[in-house]
Structure formats: structure tokens, C-alpha cells
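The values are calculated or read from the model by the stated rules, or taken from the named source; none is laboratory data. Note that the structure is predicted; figures quoted are calculated from it, not measured. So basically every Cβ, Gly included, is an ideal-geometry build from the backbone, and we count neighbours across all protein chains shown. Please note that ligands, DNA and RNA were not included when accessible areas were found on the heavy atoms of the full protein model with its side chains. Shrake-Rupley method; radii C 1.70, N 1.55, O 1.52, S 1.80 Å.
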Amino acid sequence: MSALINACTTRRANLAARLEPGIVIVPSSQEILRNADSHYPFRFDSGFYYLTGFTEPDAVLVQVISKDQVQNILFCRAKDIEREIWDGYRFGPAAAAEQFGFDAAYPIEELDMRMAKLIQNQPRIYYPLAKEMRWDRRINRWLSDVRGLARTGVSAPTTILDVRATLDEMRLIKDAYEVGILRQAAQINTQAHIRAMQFAKAGQMEYQVEAEILHDYYRQGSRSPAYNSIVASGANSCVLHYGENNARMNDGDLLLIDAGCEVAGYASDITRTFPVNGKFSPAQRAVYEITLAAQEAALASIYAGSTWNAPHDAATRVLAQGMIDLKLLKGTLDEVIEKESYKQFYMHRTGHWMGLDVHDCGAYKIDGEWRKLAAGMVMTVEPGFYIRPAANVPKEFENIGIRIEDDVLVTADGYENLTAACPKTIADIEAIMAK
């Protein structure tokens with residue numbers, strides 16, 4: 001049995017151990033039409049994959065939890081040789097049960113019939129409540145069917161709970177298998193960003209640099225980006241979610257690249273900012289050094305027992321002081337923080353959870369308080385400094401947009417920067433671009 005299937009088997013057992021008796025229903029995704037009869041590339045549901053390792057569309061995991069046993073059942077597409085000629089290999093229920101470690105597996109076409117029986121006399125249902133209306137309606141139909149059998153002595157579940165309340169917290173702490181895959185994704189992404197630094201030059205289009213990044217992902221074994229790449233030059237670097245990537249890069253522009261790859265479902269998320277011509281101007285250098293110092297302050301505050309918000313607070317204070325030092329803002333540091341005037345130039349948070357989703361699941365606050373960091377959590381650290389033209393902005397600082405982002409694993413005694421090999425000092429960036 002593979003490391004992935006071993007991990008999934010353990011996760012299913014852990015999920016069942018955290019829940020009261022009842023029935024768990026976790027659907028995967030379905031294929032989505034892009035246009036006419038052409039589909040978007042299929043991407044499995046992250047929670048379903050976390051528990052199963054199964055990557056085919058139109059599949060459902062069902063766990064039947066009683067006081068003394070747990071039964072894991074998969075519903076998936078039936079084996080169909082004719083469809084395999086057109087669409088590729090299918091496991092089918094028998095092979096899926098054997099190879100993925102399920103107690104039983106059935107064709108997806110039997111789901112309605114079997115679920116109307118499986119939920120009978122169960123005290124509760126766990127599923128991703130209100131995530132998709134089609135599943136809400138389907139489960140309501142099953143409940144209605146079972147309630148109609150009340151005179152025969154059959155009872156229907158009386159409680160419906162969102163399984164994500166438990167599943168998301170499990171996913172927040174990465175196991176050894178996940179950490180290994182995240183390291184691979186970080187290494188591939190690091191090399192792609194270095195390739196972009198070596199390739200970029202004035203006169204190119206942003207999408208040409210994007211093409212080099214995607215090429216390097218595929219060349220190294222990543223089959224998909226984790227999200228739509230941001231390749232933003234000049235004024236575009238001050239647009240947080242810029243996605244057109246179709247402007248020409250000019251001599252003197254900064255280029256902000258926020259791009260990540262996916263490996264075995266797990267994301268990497270790196271942002272680097274560098275001058276298209278290979279040399280930072282004095283104004284660019286000043287803003288960059290402040291942003292890098294803010295990231296270093298944020299990283300220093302990451303350790304088990306610290307709080308989620310500590311890196312953001314640390315980065316914000318460095319950035320705000322830098323804005324004062326550059327005479328972009330007036331007042332004391334405490335005044336700038338209290339009035340939030342720094343948000344003219346830094347308007348987002350300093351990070352997010354990362355894993356199977358680039359913006360991964362898991363609560364940021366517990367009972368109204370910022371949660372404490374724990375070993376096994378993976379997060380990004382990404383302060384930014386974005387200077388749009390304004391009355392209080394000197395000409396030399398206009399349209400300077402900088403973000404520096406790394407992927408960080410919280411450890412028992414601090415952190416591991418998974419993307420530390422991706423150059424980010426001015427000296428290292430200029431040296432790479434000079435080659």
C-alpha cells in the first residue's frame with residue numbers, strides 16, 4: 001500500500017474517532033463544462049481527496065460510524081470499457097475498494113438507492129453543509145424518503161452537522177506525507193521563479209514570463225499551477241489580484257510575480273519582485289529593503305505557541321515605520337498604526353494557511369481570539385508595499401509595488417522556510433539577473 005493510501009486510511013480512522021456515531025458523506029467534484037462539449041481540467045474536491053486519495057470525478061465517500069466499528073464505503077463510476085476508449089482508465093468499484101482500502105465500493109448510480117437505506121436509524125448526518133445546493137437537495141430527499149417509513153419503525157437522522165468543522169481542523173496540521181509533498185512543490189516553484197528572473201527583460205510581454213514559469217512547472221513534474229499566476233509589471237504591480245498578464249514590460253519597471261504550482265494536489269505559493277532591467281533604482285531599493293525587513297520580522301515571530309496574528313503585527317510595524325521614514329506618511333508609529341493610515345500602502349493580511357488549497361482551510365480565531373500556532377501548520381508570509389500615485393507620493397516612488405512571499409512550516413522550536421532557496425535579497429536577485 002502506498003504512502004498516500006496509508007495516510008488516507010489513518011485520516012479516515014482519525015475522523016471517525018473524533019465524531020459521534022452517525023453517517024459521514026463527503027462528495028468529490030464533478031466535471032464542469034467550459035464550453036460546448038469541452039470540459040475544464042478536472043480537479044478533485046480537497047476534503048474528499050484528503051480522506052481517500054481517489055482522483056476520479058463523480059465519487060462519494062461514506063463512513064458509517066457506530067460505537068464499535070467504522071465502515072468506509074466508496075461510490076464511484078462503474079467500470080466501462082467503452083467509455084475508457086474515449087475518456088481513459090476507470091478503476092471501477094471492485095479495483096477501487098482493493099487498491100484504496102475501502103470496506104466496500106459501489107457504482108455511483110446506486111448512491112440514491114443505497115443511501116436511503118444506509119441513513120435509516122442513524123442519529124446524525126455529517127456532510128459539507130450548504131457547500132453545494134445539489135447535495136443539500138439530495139440529502140433532503142433521502143431524509144424525506146426515510147421519514148416516510150416511520151410507521152414501519154424506521155427512524156431518520158434528527159441532527160445534521162457540517163463535517164468540515166472537524167475535517168478542516170484535521171487538515172490544518174500536516175502529516176509527514178503532506179510535508180514531504182509540500183517540500184517538493186516548494187522546490188519546483190523555487191526553480192520556476194529563478195527561471196523567470198533569468199528570462200525576463202525589457203520589451204517582453206508579461207505573459208511570456210508566465211509561459212516560462214508554466215513551462216518549468218511541467219518540466220519538473222507539476223501538472224498544474226495552484227492558482228492563476230500574477231505577472232505584474234510597472235503600475236500593475238500595485239493591483240493585488242492582477243491577472244491580465246498582457247502588458248509590455250518597460251525598462252525601469254519592477255516585475256511582481258505571484259505564482260504557485262501544485263504537486264499531488266498540494267500547493268506552493270511564492271511571490272518575488274525584481275527590476276526588469278536587473279538593477280534596482282534607489283527608490284525601488286529603499287522600498288524593497290523595508291518590505292524585506294518586514295518579512296524578516298514576521299518570520300521571527302513564528303514558532304509553536306505564538307499567535308496567528310503575530311507575524312502580521314510584526315510586519316505592519318516595520319512597514320509603517322518605513323512609510324514614515326520615506327515621508328509617505330506623517331505622525332508617530334503608534335498614530336499611524338492606530339489610525340490605520342498605513343493601509344494606503346499595505347492593505348492586506350500577511351499570510352494564509354496553505355495545503356491542498358492554496359488558501360487552505362482552518363480557523364484563524366478560536367472563541368474570538370487569534371489561534372496559537374502549532375507544529376505542522378503551513379502558512380505563507382507575504383508583506384507588501386504598494387505605492388499608487390497620490391498627492392502625498394513623490395514622483396520617484398509612484399507605481400512601485402513589492403510583495404515578498406514564502407511558504408513556512410511551523411515546527412516545535414520555530415519554523416522551516418520551505419521556499420528559502422528562492423532568491424530574495426537585492427544582491428542575490430541582481431546577481432542572478434546579471435547572468
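Taking 8 Å as the Cα distance limit and 6 or more residues as the minimum spacing, I'd like the relative contact order of the range 337-411 as a percentage. Worked out over the range 337-411, it gives 32 percent.
The charge dipole of the chain, taken about its Cα centre with unit charges on the Cβ atoms of Lys, Arg (+1), Asp and Glu (-1) only, comes to about 580 debye.
Quantify, in whole percent, the carbon and sulfur part of the accessible surface of the range 259-377 (1.4 Å probe; protein heavy atoms only). Carbon plus sulfur share of accessible area: 53 percent.
The alpha carbon convex hull volume per residue for the range 273-312 rounds to 68 Å³. Residues in the range 303-343 average 52 Å² of solvent-accessible surface per residue, probe 1.4 Å, ligands and nucleic acids excluded. Within the shell defined by Cβ-Cβ distances under 12 Å, the residues around ALA130 carry a net charge of +1, with Lys and Arg each +1 and Asp and Glu each -1. The overall shape of the range 237-298 is oblate: from the C-alpha gyration tensor, with semi-axes ordered a ≥ b ≥ c, the ratio a/c is 1.5 or greater and a/b is no larger than b/c. Dipole of the chain computed with +1 at Lys/Arg Cβ and -1 at Asp/Glu Cβ about the Cα centre; of ALA202, ASN417, MET170, farthest Cα towards the positive end is MET170. Count Lys and Arg as plus one, Asp and Glu as minus one, and take only other residues whose Cβ is under 15 Å from that of ASP37; the net charge is then 0. With Cα atoms as the point set, the radius of gyration and Dmax of the range 284-407 evaluate to 15.2, 46 Å.
P(r) for the chain, from all Cα pairs and a bin width of 10 Å, is 4, 19, 26, 22, 16, 9, 4, 0, 0 %, short bins first. For the range 108-133, the residues whose amide N sits under 18 Å from a probe point set 7 Å from the Cα of THR152 along the beta carbon direction are 111-123.
Between the residues ALA150, LEU328, PHE385, the greatest Cα displacement towards the positive end of the dipole of the chain, with unit charges on the Cβ of Lys, Arg, Asp and Glu, is found for ALA150. Along the range 94-100 the Karplus relation, 6.51 cos²θ - 1.76 cosθ + 1.60 evaluated at θ = phi - 60°, assigns HN-Hα couplings of 5, 5, 5, 4, 5, 7, 10 Hz to successive residues, with x for each Gly and Pro.
Other residues whose C-beta falls under 11 angstrom from the C-beta of PRO157 contribute a net charge of +2, scoring Lys and Arg +1 and Asp and Glu -1.
Calculated mean residue ellipticity at 222 nm for the chain: -11500 deg cm²/dmol, from DSSP H runs with n ≥ 4 weighted as -39500 (n - 2.57), summed, divided by the residue count and rounded to 500. Contact order, relative form, for the chain: 13 percent (alpha carbon pairs under 8 Å, 6 or more residues apart, mean separation divided by residue count).
In this structure, SER281 and ILE85 have a Cβ-Cβ separation that, at R0 = 56 Å, corresponds to a calculated FRET efficiency of about 0.40.
Taking θ as phi - 60° and the Karplus parameters 6.51, -1.76 and 1.60, the scalar couplings of the range 344-352 work out to 4, 10, 8, 10, 10, 6, 8, x, 7 Hz in sequence order, x denoting glycine and proline.
The distance between label points at PHE199 and SER144 comes to 5.4 nm (points 7 Å beyond Cα on the Cα→Cβ vector). Per-residue extension of 0.36 nm, minus the Cα-Cα distance of ARG248 and ASN14, leaves a gain of 79.1 nm for this segment. Highest-first packing order for the peptide set 80-90, 238-248, 177-187 is 177-187, 238-248, 80-90, based on the mean count of other beta carbon atoms within 10 Å.
For the residue pairs LYS117/LYS365; LYS174/LYS343; LYS174/LYS372; LYS279/LYS395; LYS327/LYS435; LYS330/LYS395, alpha carbon separations beyond 27 Å are given by LYS117/LYS365; LYS174/LYS343; LYS327/LYS435.
Given +1 at the Cβ of Lys and Arg, -1 at the Cβ of Asp and Glu and no other charges, the dipole of the range 171-305 around its Cα centre is 220 debye to the nearest 20. For the range 79-238, the relative contact order comes to 15 percent (Cα pairs under 8 Å, sequence separation of at least 6).
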